[in-house]
Amino acid sequence: MKKPDKSSPFYLQLKPLHKALKAAAPPPKPVAPPAPPPPSDHELFLLATEGVRRFVDDHYHHVAKKPSPWPLQRWHDEAQVMADAMSDFWPWDELESGEELLYLRPGMKLDTLRKLRRGEWVVQAQLDLHGHTSESGRLAVSEFLHHCKMHNKRCVRIIHGKGLGSKHKQPVLKLKLKNWLAQRDEVLAFAQARAVDGGAGAVLVLLKGWREK
């Protein structure tokens, strides 16, 4: 390429204009440095575990579970003794099949029974007697009440069924349950459950607390 003649009139006229344009041009923008690469998984792991010390012992020592203070065999024996003391016969009129289960221990306020029937007590435990015979049902009720007494359960529900699956379509366990419950010292009252809680197929039982005599 041929170099321009700096002594020519044309070059001398363009030289001042070139200097003026060069002076008016903005300074070039600084070039930003390239962004650093994202950290690797290993670097992220080291950052997340910073300050964590290695656990030397590879074995976790489980704390030994303390045995229950209530021997199972003794529990069963006591419940069996109480069940044997629960007679099927009690000195009051025989309960009719459609009659409502209702009982209040002498000395208790009538308002206690009203609250129980209205479902104002929170049910803390439940026993379902479906599939039980009279003998197994009596033992189940005895064990259930004994367990509730030891754990200070105050209001419980016992589902005795409506007897639709029995031989004579009669609620056999319902007729016996009234006698069983009335003979237990810890039972203060019982009443047929509300429709939403089982109706004629269940009974709510109010039990004596630890501090009550």
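Values computed for the structure shown
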{"read-out": "Flag if residue 115 is over 27 Å from the mean Cα position of the chain (by Cα) and either among the β-branched types (Val, Ile, Thr) or at pLDDT 90 or above (or both)", "value": "no"}
{"read-out": "Contacts under 8 angstrom Cβ, first residue in segment 106-121 being surrounded by fewer than 15 Cβ atoms within 10 Å (Cβ to Cβ), partner assigned to a loop (DSSP other than H, G, I, E, B), 6 or more apart", "value": "118/194"}
{"read-out": "Looking only at segment 159-183, and only at residues there that are assigned to a loop (DSSP other than H, G, I, E, B) and within 31 Å of the chain's Cα centre (by Cα), the one that is modelled with the lowest pLDDT", "value": "162"}
{"read-out": "Tally of residues being basic (Lys, Arg) and more than 12 Å from residue 158 (Cβ to Cβ) across segment 171-197", "value": "1"}
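The values are calculated or read from the model by the stated rules, or taken from the named source; none is laboratory data. Since the structure is predicted, the reported quantities are computational estimates derived from the model, not experimental observations. Cβ: placed from backbone, ideal geometry, glycine included. Neighbour counts: every protein chain shown.
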